[in-house]
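Working notes for the structure below.
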There are 2 protein chains.
Amino acid sequence: VATAPAVKRILETSLYVEELRRSASFYANVFGFATLVRDDRMCAMAVPGQQVLLLFVKGASATSNSSPAGLIPGHNGSGTQHLCFSISHDDLDAWTRHLIASDIELETRLDWPQGASSLYFRDPDNHSIEVGTPRLWRNDPA
Amino acid sequence: VATAPAVKRILETSLYVEELRRSASFYANVFGFATLVRDDRMCAMAVPGQQVLLLFVKGASATSNSSPAGLIPGHNGSGTQHLCFSISHDDLDAWTRHLIASDIELETRLDWPQGASSLYFRDPDNHSIEVGTPRLWRNDPA
């Protein structure tokens, strides 16, 4: 197999949700993500690092979806997904306090042997959301 | 609601797959991602930009999962998800040729009014995978 052309980063990741308004509010309030695009089917939110979190109403994108560029192929995720956002080590305590102040239950905190720490909590659809500090993975040393 | 502490970027995103070996080979061969960790339950692959693609065998992580740091909360996605990776505009033709050389059907190419282009194709689980160039989103101008 030929060598793959370069990838720069993840650009979009998707969560499939029951209630778009509820989920968009959650990611706006808990993470501070701004809304880029929103309609009845989906909401695109700006993630720092030139990335995008896409929230899709479950089932609403199963067939092709129209766009200004043409038909976007269908997809239809479900269940409870896992997603992790990178935070700095210096913000770990602020994140812990922020979850408490936001009435979000801290499901667990894990302190990894390699020096990273992770906070786990649930979004409104029970998706497993994590914020993690550097050194969780060897390709993210700092 | 108090202002959220900072997020730096997406650190981990997850796909739920039927056959771990098949999916890990796909992302290694098509994207060139190196494996960071792999067991029977999951495979973590390094994405450029200090990010990680997690491939989970469907159903295998539904309850808590042991780790060196303690129990990781359960999650259990299913269905066909959407994920997009950022590529440079200069690599768009190389990506088109690479998909052909890899025997991967180009489901569609979309050329967006704002100047970005996207290639859509399917992974072995029918997840909708996209590679997209800058200007797809206004928080990714170049």
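Only a single criterion out of (1) open to solvent by less than 50 Å² (accessible area, probe 1.4 Å); (2) at pLDDT 95 or above; (3) assigned to a loop (DSSP other than H, G, I, E, B); (4) hydrophobic (A, V, I, L, M, F, W, C) is not satisfied by A:ALA6, namely (1).
Residues that are hydroxyl-bearing (Ser, Thr, Tyr) and under 24 Å from A:GLY77 (Cα atoms) were ranked within region B:81-116; the one that is farthest from the other protein chains (Cβ to nearest Cβ) is B:THR108. Checked against (1) of a type outside the set (D, E, K, R); (2) within 15 Å of A:THR13 (Cα to Cα); (3) within 7 Å of chain A (Cβ to nearest Cβ), B:LEU55 meets all criteria but (3). Selection of region A:63-72 for residues being open to solvent by less than 70 Å² (accessible area, probe 1.4 Å) and either within 13 Å of A:SER14 (Cβ to Cβ) or not in a loop (DSSP other than H, G, I, E, B) (or both) yields A:ASN65, A:SER67, A:GLY70, A:ILE72. Can you confirm whether B:VAL47 is in contact with a strand residue (DSSP E or B) (Cβ under 8 Å, 6 or more places away or on another chain), open to solvent by less than 10 Å² (accessible area, probe 1.4 Å) and at pLDDT 95 or above? Answer is yes for this residue. Scanning region A:20-32 for residues that are more than 7 Å from chain B (Cβ to nearest Cβ) and open to solvent by 10 Å² or more (accessible area, probe 1.4 Å) gives A:LEU20, A:ARG21, A:ARG22, A:SER25, A:PHE26, A:ALA28. Count of region B:84-142 residues, restricted to those that are open to solvent by less than 10 Å² (accessible area, probe 1.4 Å) and of a type in the set (A, V, I, L, M, F, W, C), is 12.
Each row is one residue, and each column tells you yes or no for (1) part of a strand (DSSP E or B); (2) within 27 Å of B:ARG122 (Cβ to Cβ); (3) over 18 Å from the mean Cα position of the chain (by Cα).
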{"position": "A:ALA44", "(1), (2), (3)": "yes, yes, no"}
{"position": "A:GLY59", "(1), (2), (3)": "no, yes, yes"}
{"position": "A:LEU92", "(1), (2), (3)": "no, no, no"}
{"position": "A:LEU106", "(1), (2), (3)": "no, no, no"}
{"position": "A:LEU110", "(1), (2), (3)": "yes, no, yes"}
{"position": "A:PRO113", "(1), (2), (3)": "no, no, yes"}
{"position": "A:ASP125", "(1), (2), (3)": "no, yes, no"}
{"position": "A:PRO141", "(1), (2), (3)": "no, no, yes"}
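The values are calculated or read from the model by the stated rules, or taken from the named source; none is laboratory data. Nothing here was measured: the structure is a model prediction, and the numbers come from that model. Ideal geometry is used to build each Cβ from the backbone, glycine not excepted, and the neighbour counts take in all protein chains shown. Heads up: the accessible areas ignore ligands, DNA and RNA and are worked out on the full protein's heavy atoms, side chains in. Shrake-Rupley method; radii C 1.70, N 1.55, O 1.52, S 1.80 Å.
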